[in-house]
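Here's the structure, in structure tokens; my notes come after.
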Amino acid sequence: MARTPSVMIDLGTKAPDFSLVEPATGKTVSLGNFSDKPIVIAFICNHCPYVIQIKDVFAQFATDCMQKGVAVVAINANDVANYPDDSPEKMAEDVAKHHYSFPYLYDETQSVAKAYQAACTPDFYLFDANHALYYRGQFDSARPSNDEPVSGEDMMAAVDLLLADQSAPEKQLASLGCGIKWKQGNEPS
């Protein structure tokens, strides 16, 4: 199983704008829907073993975050022509199956994934209320290849520090996962 690390973009980077459709509801969701609110943006998909491993804990993490006033959005940017398990129809099924309480959006053109420099699934970003990057990296240290429990401890610790108006965690480890499935000729340069 290939392991692709996330790109550790600079803290303080402003969240690129997006406006994407949520297949489960047909609604369009934009970054502007979350003005003046901290937000977790996660690039995930349906079929990646790294994502499958964390889905249920991530769903609970998202619910906990939203109860604390932190928005959560997930985005799937995979090439569905070559990975039909990640199709919008399958995304809607995943939302129901795993009880996602957050928008799970489809980045058909892959332009949002490129703007965020997303490299893998899962790939996590936490932005403050001004949408400046506060944390990027792993959800926790669990991987399909180890016996670490899925806890979301790295992400939750970052959220808690942000909400306590503390400095960002000094130690931020890259997420690892399956590489984003880019459409042929659309790979980032």
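Read-outs throughout are calculated quantities, based only on the coordinates presented, and are distinct from any laboratory measurement. Remember, predicted model here, so these are calculated numbers, not experimental data. All Cβ positions, even for glycine, are placed from backbone atoms using ideal geometry, and neighbour counts span all protein chains on display.
In this structure, the pairs whose alpha-carbon distance is over 26 Å, taken from LYS37/LYS183; LYS68/LYS183; LYS97/LYS171; LYS37/LYS114, are LYS37/LYS183; LYS68/LYS183; LYS97/LYS171.
As an exercise, use a Förster radius of 45 Å and the Cβ-Cβ distance of GLN60 and SER189 to find the FRET efficiency, rounded to the nearest 0.05. Numbers along the way, then the final one.
Details: r = 37 Å, r/R0 = 0.83.
That gives a FRET efficiency of 0.75.
Reported value for the chain: 109 Å³ per residue, from the convex hull of its C-alpha atoms.
May I ask you to sort PHE124, PHE139 by Cβ crowding, counting other Cβ atoms within 10 Å and putting the fewest first?
Ordered from fewest to most neighbouring Cβ atoms within 10 Å, PHE124, PHE139 come out as PHE124, PHE139.
Counting only cysteine Cβ atoms and a cutoff under 4.7 Å, the chain contains unmatched residues CYS45, CYS65, CYS120.
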